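Q: Sharing a structure with you now.
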Amino acid sequence: MPGKHKILLVEDEVKLGKTIRDELISKGFFAELAVDGLEASKMFAGNSYSLVLLDINLPYKSGYELCREFRDQNKKIPIIMLSAAGEIHDKVEAFNIGADDYIIKPFHFVELFARIKVFLKRAEMPSTSDRIIVEDMEINFLNKTVIRNGININLTAKEFTLLVLLARNKERVISKQEIMEKVWDLSFDTGTNTIEVYISFLRNKIDKPFPNKLIHTKPGFGYYIK
Ligand code: CA
């Protein structure tokens, strides 16, 4: 996957920025570093990037402003905020400004690469519009809402990601391994029952109130939506 992907990294701590940029390059990505908000704006407008890594506290324009600006110009590009502890209080706050995820500094490169991989993979998944409709359920990626039979269903970020994975692959059985990789960014089965627990959370919200069920289990193989 690396190689063809160009990443915009916005970080005003030049030493840290260069370290991250060099790590990205060593993994085979094209990576460009912007060291302030104005430079980042110009670079984003003049280039085609696959993903953005965005610091929050920046000269001239904050990461928040940039995130909104980038999102206005490109609805689909994955944006991962690089946050110092305490800058972002929860994922909802990051989502509200249009970010896909955030990572708290200092972080391990292994963790950063795992997330980059997940988002690049996700961005490559076929998606023709900003929403998916399965029967009487509509999932909207832009405002992260799920409506079933006219009723707004509140999901946590993980539940939403899990539902999107199933819905984007309608009728395909998704293994627990694949769910672990794509929803939890883990490339191994942790041996815990996390996935079963989240599937049951989803069923309680998505299926329980309605007569026809959308989430199905294929015992021994995984889960699918139909
Ligand atoms: Ca900063």
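The values are calculated or read from the model by the stated rules, or taken from the named source; none is laboratory data. Keep in mind it's a predicted model, so treat the numbers as computed, not measured. Glycine also receives a Cβ, built like all others from the backbone with ideal geometry; neighbour counts cover every protein chain displayed. Note: areas computed on protein heavy atoms with side chains; ligands, DNA, RNA excluded. Shrake-Rupley method; radii C 1.70, N 1.55, O 1.52, S 1.80 Å.
Q: Please report the net charge: other residues with Cβ closer than 13 Å to the Cβ of V146, K and R +1, D and E -1.
A: -1
Q: If you count only protein heavy atoms with a 1.4 Å probe, what accessible area per residue comes out for the stretch 131-225, rounded to a whole Å²?
A: Spelled out: the 1.4 Å probe surface of the stretch 131-225, per residue, equals 52 Å².
Q: If you don't mind, there's one more thing I want to ask. I need the shape label for the stretch 1-105. Rule: rounded when a/c is under 1.5, else prolate if a/b > b/c, else oblate, with a, b, c from the alpha carbon gyration tensor.
A: Since a/c stays below 1.5, the shape of the stretch 1-105 is classed as rounded.
Q: I'd like the projected area of the chain, averaged over all directions, using the convex hull of its alpha carbons. Report it in nm² with one decimal.
A: That works out to 12.7 nm².
Q: On to the next question. Grab the Cα-Cα distance for I147 and S200, subtract it from 0.36 nm times how many residues apart they are, and report the gain in nm with one decimal.
A: 17.3 nm
Q: Starting from the Cα-Cα distance between K6 and S175, subtract it from 0.36 nm times their residue separation and give me the gain in nm to one decimal.
A: Additional length available on full extension: 57.8 nm.
Q: What percent does the relative contact order of the chain come to when contacts are Cα pairs within less than 8 Å and at least six residues apart?
A: In percent, rounded to a whole number, it is 12.
Q: Using all alpha carbons of the stretch 156-211, what is the percent of pairwise distances in each 10 Å bin, ordered from the shortest bin to the longest?
A: 23, 57, 19, 2
Q: Now a separate question. Would you please name the chymotrypsin sites (Phe, Trp or Tyr not before Pro) within the stretch 133-205 that are DSSP coil residues with at most 13 other C-beta atoms within 10 Å of their C-beta?
A: Counting only loop positions with at most 13 other Cβ atoms within 10 Å, the chymotrypsin sites (Phe, Trp or Tyr not before Pro) in the stretch 133-205 are F188.
Q: Here is a further query. If Lys and Arg each add +1 and Asp and Glu each add -1, what is the summed charge of the other residues whose beta carbon sits under 14 Å from the beta carbon of R68?
A: -2
Q: Dipole of the chain, Cα-centred, from +1 at each Lys and Arg C-beta and -1 at each Asp and Glu C-beta, to the nearest 20 debye?
A: 840
Q: Comparing L142, L16, L165, which has the greatest mean-square fluctuation in the GNM of the chain with Cα pairs linked when under 10 Å apart?
A: L16
Q: On to the next question. When ligands, DNA and RNA are left out and all protein chains stay put, how many square angstrom of accessible area per residue does the stretch 1-124 have with a 1.4 Å probe?
A: Averaged over the residues of the stretch 1-124, the accessible area is 48 Å².
Q: Right, another one. How high is the relative contact order of the stretch 131-225? Use alpha-carbon pairs under 8 Å, at least six apart in sequence, and give a whole percent.
A: Averaging sequence separation for qualifying contacts and normalising by length gives 26 percent for the stretch 131-225.
Q: Give me the Kirkwood hydrodynamic radius of the stretch 112-205, using the inverse of the mean 1/r over all pairs of distinct Cα atoms, in Å to one decimal.
A: After inverting the pairwise mean of 1/r, the radius is 14.1 Å.
Q: Taking 8 Å as the Cα distance limit and 6 or more residues as the minimum spacing, I'd like the relative contact order of the stretch 2-124 as a percentage.
A: 21
Q: Springs between alpha-carbon atoms under 10 Å, Gaussian network over the chain: tell me which of N47, N140, N154 tops the mean-square fluctuations.
A: Per the Cα network of the chain with a 10 Å cutoff, N47 tops the list.
Q: Carbon and sulfur: what percent of the chain's accessible surface (1.4 Å probe)?
A: 53
Q: I'd like to know which of I179, F160, G150 lies farthest towards the positive end of the charge dipole of the stretch 131-225, counting +1 on Cβ of Lys and Arg and -1 on Cβ of Asp and Glu.
A: G150
Q: Around R122, under 15 Å between beta carbons, what's the net of Lys plus Arg minus Asp minus Glu among the other residues?
A: My count for the surroundings of R122 gives +2.
Q: OK, next. Loop only per DSSP, at most 13 neighbouring Cβ atoms within 10 Å: give me the GluC sites (Glu not before Pro) in the stretch 142-226, ordered by residue number.
A: Loop-located and lightly packed - E171.
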